[in-house]
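The values are calculated or read from the model by the stated rules, or taken from the named source; none is laboratory data. Keep in mind it's a predicted model, so treat the numbers as computed, not measured. Neighbour counts are summed over all protein chains in view; Cβ atoms, including those assigned to glycine, are modelled from backbone coordinates with ideal geometry. When the accessible area is computed, the model is the full protein with side chains, heavy atoms only, and any ligands, DNA or RNA have been set aside. Shrake-Rupley method; radii C 1.70, N 1.55, O 1.52, S 1.80 Å.
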Amino acid sequence: MAITVIGAGLAGCEAAYAAAQRGEAVTLWEMKPDCYTPAHHQPLFAELVCSNSLKASRLESAAGLLKEEMVRLGSLTVPVARACAVPAGGALAVDRDAFSSGVTERIRSHPLITVRQGEVTHLPEDGVVVVATGPLTSPALAEEIAALCGGGLSFYDAAAPIVTADSVDMTSAFRASRYDREESGEGDYINCPLNKEEYEAFREALVGAERAPLHAFDTPTDMKVYEGCMPIEVLATRGHDAMRFGPMKPVGLRDPHTGHRPWAVVQLRTENVAGTLYNLVGFQTNLKFAEQRRVFGMIPALRHAEFMRYGVMHRNTFLNAPALLDAAFRFKSRPTLFFAGQMTGVEGYMESAASGILAGINAVRQVRGQRMLVLPDDTMMGALAQHVSQPNDHYQPMGANFGILPPLETPIRDKKQRYAALARRALDSLEERMKQYEDHR
């Protein structure tokens, strides 16, 4: 029985790689470069369209634990990411072009993966199929999936602007990581401080700025914005200090120019290995390009900023997964069909990739007539799979966080120690489950 994977994003590449590494031939379909979504611009696989950060690396963080679990299950994307990392404090951020190139090379050179180019408009009837077409599935296939699923949900996802490093006014900015957590000898972030008056003027301009028109198939009144990708102008409307308690929080930072903590701060994170590009952390936006230049130019350190990419906003569709999928990411009413990635309701690059690993492993197990690999709910990957598959009348996307893991038998008050204990328990539990499924490797 053949295995077909549709979509060569992070989830699709992980699914194809997981199946091929376990000895099964895979056909991987990718519609680029014949067709592009509004958010994609390069023909490479695993293109990062929003942030270039894959979140924290520390094992005692939810994101770090997730990546470690992925590695133990044979991840493709985590090792590639680590090989092209750029300075980002305690986070794993990558040179996005190097990352996509690395994933593409590994996929195209794999002897058991055949890459087919072109748009898939219908779900294959034969064999085992993994659908990993991402947040902007092509219209024809999206229509067929919607009919199969009885409908879907949509929200909007947004990307932050990118500026050149040499256009940042360093007489107004300073380098530092929060709480002096510096991994590379100096602060990995460029911090752009604002005093109270500057912040209030900036917020007022942001709230009143003109937004780009949305796509014709939806209207602003229909818009559902996932909290993790909230456009900065939407956040600004939620209260006078909403941004100061969000992406512009000054906590853990001291401006060496004044000796004091800023009233608010915009952090810039390295976008590429060369350190020539920086993105505005947490500044996803749907403002018109001219408005972005005007309003973001009110930030003193960005008054002369050169924008290499303006922020954009695009549609994102995910399934009502709890009604449709099991914890193996298998479609309940069609056992030879799997879904993976952001369309299942896991939120984030690595979360999407992790779901692809499980879908790929279980696609192989479906071909071989073996029981599905379902991870324990005290692992991060298992907890995310449970979130996708458990009944939920108000289903929303979920990223890795320790709140979705069951509590420890013996409570630990200290948060750092508690997270470390949760991580140890998760890896022990994963190892035990892997021993039970030795043939999944």
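A few notes on this one:
- Subset of the range 109-138 [touching a residue at least 60 places away in the same chain (Cβ under 8 Å) and among the small types (G, A, S)]: G118, G127, A132, G134, S138
- Flag for E271 being at pLDDT below 95 and open to solvent by less than 50 Å² (accessible area, probe 1.4 Å): yes
- Within the range 226-240, restricting attention to residues that are charged (D, E, K, R) and surrounded by fewer than 21 Cβ atoms within 10 Å (Cβ to Cβ), the residue that is nearest to M343 (Cα to Cα) is E227.
- Pair list, Cβ < 9 Å and 6+ apart or interchain, from the range 271-296 residues that are without any contact (Cβ under 8 Å) to a residue 60 or more places away in the chain to residues that are open to solvent by 60 Å² or more (accessible area, probe 1.4 Å): A290/E210
- Positions within the range 33-56 being buried (at least 20 other Cβ atoms within 10 Å of the Cβ), of a type outside the set (A, V, I, L, M, F, W, C) and farther than 17 Å from A340 by Cα, in sequence order: S51, N52, S53, K55
- Residue match in the range 40-51 (condition: over 26 Å from L319 (Cβ atoms) and not in a loop (DSSP other than H, G, I, E, B)): no
- Test: M243 is closer than 17 Å to A201 by Cβ and surrounded by 14 or more Cβ atoms within 10 Å (Cβ to Cβ): yes
- Checked against the criterion of being in contact with a Ser or Thr (Cβ under 8 Å, 6 or more places away or on another chain) and either of a type outside the set (G, A, S) or modelled with pLDDT of 95 or more (or both), the range 233-255 has at least one qualifying residue.
- Qualifying strands (runs of 3 or more DSSP E) (wholly inside the range 77-142; at least 1 residues being open to solvent by less than 20 Å² (accessible area, probe 1.4 Å) and within 25 Å of G64 (Cβ to Cβ)): 91-94
- G64, sole failed condition from (1) under 17 Å from the mean Cα position of the chain (by Cα); (2) in a helix (DSSP H, G or I); (3) within 12 Å of V130 (Cβ to Cβ): (3)
- Residues (open to solvent by less than 10 Å² (accessible area, probe 1.4 Å) and in contact (Cβ under 8 Å) with a residue 24 or more places away in the chain) located in the range 376-390: T379, M380, M381, G382, L384, A385, V388
- The residue pairs whose first member lies in the range 3-28 and is closer than 19 Å to S100 by Cβ, whose second member is open to solvent by 20 Å² or more (accessible area, probe 1.4 Å) and in a helix (DSSP H, G or I), and whose beta carbons are closer than 7 Å, counting only pairs six or more residues apart or on different chains, are L10/Y349.
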